[in-house]
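For reference, the structure is listed below as C-alpha cells.
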Number of protein chains: 2
Amino acid sequence: MDSTSPPAATRRDLLTRIGLAAGGAAMYQAMTALGVSAASTYTGPIRLDGDPKGASVLILGAGVAGMVAAMELRKAGYRVQVLEYREKAGGRAWTLRGGDRYTELGGATQEIRFDEGQYFNPGPWRIPYNHQGILDYAHRLNVALEPFIQVNHNAMVHGTRAFGGRPKRYREVMSDYHGGIAELLAKSTRQGKLDGMVTKEDGEILIESLRSFGALDRDLNYTKNVLTSDRRGFEKDPGGGLNARPVPSEPMSLKDVLASRGWAYLASGALYEFQMTMFQPVGGMDMIAQAMARECGDMIQYNRKVVGIQQDERGVTVAFEETGRPGQVQQARADYCLATIPLSILSQLEMNVSGPMAAAIQAVPYAASVKVGLQMKRRFWEQDEHIYAGISYTDLPIRMIQYPAHGYGSRGKGVLLGAYAFGPYAYEFTALPPEERVRRAVEWGAQIHPQYREEFDTGASVGWHRVPWALGCNGMWTDATRAEHYDNLCALDNRILLAGEHASYIPAWQEGAVLSALDAVSRLHRRVVSA
Amino acid sequence: MDSTSPPAATRRDLLTRIGLAAGGAAMYQAMTALGVSAASTYTGPIRLDGDPKGASVLILGAGVAGMVAAMELRKAGYRVQVLEYREKAGGRAWTLRGGDRYTELGGATQEIRFDEGQYFNPGPWRIPYNHQGILDYAHRLNVALEPFIQVNHNAMVHGTRAFGGRPKRYREVMSDYHGGIAELLAKSTRQGKLDGMVTKEDGEILIESLRSFGALDRDLNYTKNVLTSDRRGFEKDPGGGLNARPVPSEPMSLKDVLASRGWAYLASGALYEFQMTMFQPVGGMDMIAQAMARECGDMIQYNRKVVGIQQDERGVTVAFEETGRPGQVQQARADYCLATIPLSILSQLEMNVSGPMAAAIQAVPYAASVKVGLQMKRRFWEQDEHIYAGISYTDLPIRMIQYPAHGYGSRGKGVLLGAYAFGPYAYEFTALPPEERVRRAVEWGAQIHPQYREEFDTGASVGWHRVPWALGCNGMWTDATRAEHYDNLCALDNRILLAGEHASYIPAWQEGAVLSALDAVSRLHRRVVSA
C-alpha cells in the first residue's frame, strides 16, 4: 500500500500547501478537486425509534466511527459486537505517551520515553467549534476540553529564502501585509482610481475602514509610529516609571513581505475549520476515544484482525484471526455488518459486496503524512520567546512547529509537534527510520529555534503509510471520484454498510467519522424497522 | 470625584470605540492623545544588590503595585509595612463571587448570588502574552493560567442599524470584508490601475496573495462557492454518509458590509494587547493578587484608610484610620513611603510633596467604565449557538458580551460579561442603581440573545467611579499631560515615591502596576544604597 499510493497529501495540508502558499485560485481548484469539507451538520443526539426486533450488528473497527455506531445501536436495542485489530480502541484518534511501544510496518519499534504528563498526538489534534458531533460526544462522556490555539501572533514565520533565513513574528508579517494592502487600496480610492468600481460615498467609508484595518495614519500611510507598532510590536515596549516611553518599530515594505511569501500562512486561521475557538481534550486527543471505549465496555473484542467479510441472504460472516495466532481463522456472525476499517485495508480484504461498492472501495487513495513529537528539557519557546501554544510556519520539510496548548508557564519539560509533513515531504520522511525522522526534525527545527540543540530530550514519529491499522492518513477524494463512487460507498449493500471519515464530506477529521456513523446507523435502523 | 471627572473613558475602550468604530486616523490621534501603551519591557526578576542598611518602607495600598514592591523590598532586606484600605488585597484586580457583598459610593449594597465556581471580574480580565511582568509573577507564585479568548469567529457582530438589527457572525463580517477589499485591490491591480504604485512583478505576487487572503476565485471574484464558505460558513455544512454534500452560503456585498460598520470590530484582535495567546488565571483574575497577598503575609495591614502623608528630613509619617473607628487617627512611620493609591484618591489627601509632584497628582483624570456580570441558568451561547468564549460586539450601550473562557461544555450555569460600557455610556450606567444596570444589560443583551429573557438568573455590576477605593477605572494621560507631568509623578520626591498603573505607559493594565513598582523600588534602592 505504501509504495503504490499516489502522490497524496491530507486535504488540509494539501490546501495549506498549495492554497495558502500558492494563492487562492490554486486553492480553489484544489478544494474542488478534493471534494472540500469543513464542518458539521450535527443537530444533537440521534433517536432511533422503533423495534430492532432482536437484530444483531457486527461492527468492524473500534475507532471513533465504530464506537459511535456501537453506542447508538446498543441504545436502540441491537445486539452489538465490535472487532478491533489493536489491543486498544481509538484507531487514528491516538496519543503516544511515555511507556508506549509502537511497531510500524517495516518492523522498526519505538519505545516512547516522554515524561509523565507529556504526550504527542500523531493523528487528530484539534477540534473546530463547528464539529458539533464529536464535541457533543466529548461533553456527554465528560471529557474535559481546553482551547487549542491555532493562530499565535507571536509565533514565527520562517522562509529559507525570506529575510535572510531569519524568522519573523507572525504579527510582523500580518500587520505589514494588512497595512501594505490597506495603504494601496486606500490611496487608489482617494486618487479616484476606483471610480466605476466604488461609489464616492462607499469610497469614503472604505477609506475609513482601511485606516482601521491597516493602521494607516491620516495621510493613509502605513508607517513607523505607535499605531503600527501596536500591531506589529515595538522596538522597545512601553514600560513603567521613568524612561518607559515606547519606541516604535520599523515596518517591512510590502515589496519585501510579498517576496517573502510569508503572507501565505495568514489565511490559515480564517478557515472555517481553523477558526476560534478550537478545542483539544485535556491530556491528549485519545481521551475521547478512551471514554467511548469505556462506554462500549465488553462490546469490543480486541486483537481481532479481520481477514474476510461474506454476506448471504440471512446475515454476514466475518473471518478474523487473533493476535499471536496467525492462520487460525475464526468466525463471527450477525444480521448486519458495519465496516469502519479504512479503505486502504478494506480494499485488500475478500468481501462479497456489489460491483459499485467494490469499485468505490478501490477508488479512494490514502493521504501521506508524517508527524514528529519532540520532548524538550525546557519550555524555551515560552521562557525565551514568549510563544504560548500556536503554530510557527516554515517552508522547511517539517512545515510547522506546534507548541503545547497546556501546562503554560510550567518550569518542566514540554512536547512540541516538531514536524507535520505531507505530500512529497511525507514520502521522504516516511522512508526514513523513525529515529532519523526525529533527528532531521531536530536539525531543521534548530533553524527556527537554535535552543533545539541544547534542549532536545527524546522524540517519536509516525509516518501514516507505515501504520499497520491505517496504511495512510485519510481517504482522499476528488470531484471525479466523489461523483462516480461516493454514494455507492455509503449505500447499504444488502447487509453490509460502511462508515468512517472516508464515508463523509469531512475527510481526515473525527467529525467525519461521527457523522458518517450516525448516518449509517440511522439508515440501517430504518431498514431493520421497515423490514 | 465622580461628579467632577471629565468626559473620560478607559484608554482601551476609548480606542476601541473611536478607533475601531471610527477608523484609523481617529484612532491614531486618540492613541497619541492618550499616550499610548501596549506591552512590557520586563526582562525577568529584578535583583536589588547592596545593603539597605536597615531602611524601612511604608507602602500604601495592597494592590498589584504595592504587593510587588513589598515582595521585592523585603527580599532586598528592607523592613516593609503595607497599609491597605480594604479588608482584602488586590485593589482593582478584583473578582466577585457568590457570598461577596459590595457597597458602592451612594450606599447601594449588592449581595452577590452567583453559584459556586462562577465569578465575574469587574476590573482586569485578560493578560496579553507580552505582559511578561505579571505573567512571571503568576508563574512564580504557581497561579494556574488558561487561555483568554479575545476573537471568536463564531461570536456575533450586532449593529442596531445594520442588517435590520439582526446579528451577523464575526466570521461572516470578517470574510466578506476581507474578500471585498481583496477583490477590489486584485482587480485594480490586474487592470493596471496601480501602475506606478506597484511594479508589474510585485503586482503578480500581490494578486496571488490577495486570492489567498480574500478567498477569490480564478477571475478574482469573491463569490458564493465552497472556497468562500470555508471562511464565512456554509448554508448547509458538509456532513457524513449520504446527502452530505455542503451547500455554500451567499456572501454579503462589500457595500452592505461597509454600511454596517461591522468592520470596525475586526481590528481588535490584531492589536498587540489583544493578540493571541492571552491568558486569565483559572478561577478569576484575583487569583494572582490572592497569591501575592499570601506571599506578603503579615506585611499587609488591612482596614487602614490613609488620611495624610507627611515627610521630613528623617522619614515619612502616614496618618490613617481603622475601619469602624472614624476620626481616631493613628500614625505609621518609616524611612520612605511608596504610595500606590490611585491618583483619584491621592489627590484628595494632605501630603507634603514638591510642587511638581503635587501638580502631577492633580493632573490625571480617571476613566469611567461599568461592567455587568450576568449569571445565566444555562450556557445557551454554547448549546444553541456554538459560541465558546470570546466576545460579541454591539453598538448598544452594553458595547459587548463576553462568554466565559472556562467550563466549556458544562451543563451548568455560566456568568457572562453582560456589559462593558465606557465614556458617555458609562456615566449613564454609573448613575443608575446597580439592579437597574443589570436590568438594562439584560434588556439590551436580549436583542442579541433572545434566550436572556428565559435564562437570566442573577447579576452584579460595578461602576468604577462609585468604587470607594478607586473612584474611577484608571489614570488617563494625554500627550500634553505626559509631557508636563509624567516624569514629575514618577520621580522620587525626597522620601516619597509613587507607583501604580498611573505611573506607567501601560495604563489600565496590571502590567503597568508591576513595571512601575519594579522601576520605583529599583530607584529607591539605588538611593538607599548610595546614600
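The values are calculated or read from the model by the stated rules, or taken from the named source; none is laboratory data. What you see is a predicted model, and the numbers here were worked out from it, not measured in a lab. Virtual Cβ from ideal backbone geometry, glycine too; neighbours counted across all protein chains shown. When the accessible area is computed, the model is the full protein with side chains, heavy atoms only, and any ligands, DNA or RNA have been set aside. Shrake-Rupley method; radii C 1.70, N 1.55, O 1.52, S 1.80 Å.
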- Message: Label position 7 Å from Cα toward Cβ: report the copy-to-copy distances for A:GLU235 in nm, one decimal, ordered from shortest.
- Response: 5.4
- Message: How far, in nm to one decimal, is A:GLU436 from itself in the other copies if the label point is set 7 angstrom along Cα toward Cβ? Shortest first, please.
- Response: 7.8
- If you rank B:GLU295, A:GLU455, A:GLU313, A:GLU428 by how much accessible surface each has, with a 1.4 Å probe, what is the order from largest down? A:GLU313, A:GLU428, B:GLU295, A:GLU455
- Message: So, taking all protein chains as they sit and a 1.4 Å probe, how much accessible area belongs to B:TRP444, in Å² rounded to tens?
- Response: 40 Å²
- Vicinal HN-Hα couplings computed from phi for region B:396-409 (Karplus, 6.51 cos²θ - 1.76 cosθ + 1.60; Hz; Gly/Pro x): 5, x, 6, 6, 7, 10, 10, 9, x, 9, 7, x, 3, x
- Message: Sequence gap at least 6, Cα distance under 8 Å: using those rules, report the relative contact order of chain B to the nearest whole percent.
- Response: 24 percent
- Sorted by average packing, counted as other Cβ atoms within 10 angstrom per residue and highest first, what order do A:494-505, B:131-142, B:351-362 take? A:494-505, B:131-142, B:351-362
- Item | Cβ neighbours within 10 Å from other chains - mean over A:221-229 | 3
- Cα principal axis extents for region A:386-521, largest first, Å: 60, 33, 26
- Note on the structure: Distances in nm between the label point of A:ARG411 (7 Å along Cα→Cβ) and its equivalents in the other copies, shortest first, are 4.2
- Enter the angle in degrees (range 0 to 90, nearest 10) between the Cα long axis of helix B:24-34 and the first principal axis of the Cα atoms of chain B, meaning the one along which they spread out most. 0 degrees
- Query: If ligands, DNA and RNA are left out, what is the accessible area of B:ASP519 with a 1.4 Å probe, given in Å² to the nearest 10?
  - Reply: 30 Å²
- Charged-residue dipole, Cβ positions (Lys, Arg, Asp, Glu), region B:166-260 about Cα centre, Debye nearest 20: 360 debye
- Rounded to the nearest Å, what's the spacing between the alpha carbon centres of region A:156-170 and region A:381-436? Just the number, please. 16 Å
- Task: Above 21 angstrom, tally the Cα pairs of region B:322-411 and express them as a % of all pairs, no decimals.
- Result: 61 percent
- Query: What residues have an amide H closer than 5 Å to that of A:SER369, excluding those fewer than 5 places away on the same chain, when H is modeled at 1.01 Å from N in the peptide plane?
  - Reply: A:TRP464, A:HIS465, A:CYS473
- Do the alpha carbons of any pairs in A:LYS200/B:LYS187; A:LYS224/A:LYS413; B:LYS168/B:LYS377; A:LYS305/A:LYS371 sit beyond 30 Å of each other, and which pairs? A:LYS224/A:LYS413
- Given 20 °C and 1.002 mPa s, how large is the Stokes-Einstein diffusion coefficient of region B:166-260 in µm²/s, with Rh as the Kirkwood radius over Cα pairs? 150 µm²/s
- Mind grabbing the interface size between B and A? I mean buried accessible area, both sides, 1.4 Å probe, in Å² to the nearest hundred. 9200 Å²
- Under a 1.4 angstrom probe, counting protein chains only, how are A:THR223, A:THR481, A:THR95 ranked by accessible area, largest first? A:THR223, A:THR481, A:THR95
- Item | Cα convex hull volume per residue for the protein assembly as shown (Å³) | 166 Å³
- Rounded to the nearest 10, the angle in degrees between the Cα long axis of helix A:286-296 and the longest principal axis of the Cα atoms of chain A comes to 20 degrees
- Message: Give me the Å³ per residue figure for the convex hull around the C-alpha atoms of region B:446-531.
- Response: 157 Å³
- Item | Expected-Rg normalisation [2.2 N^0.38 Å, Cα atoms] applied to chain B | 1.07
- About its Cα centre, what dipole magnitude does region B:468-531 give when the only charges are +1 on Lys and Arg Cβ and -1 on Asp and Glu Cβ, stated in debye to the nearest 20? 320 debye
- Would you mind working out the accessible area per residue for the protein assembly as shown, using a 1.4 Å probe, and quoting it in Å²? 33 Å²
- Task: Work out the mean other chain Cβ neighbour count within 10 Å for the residues of B:275-282 and drop it here as an integer.
- Result: 6
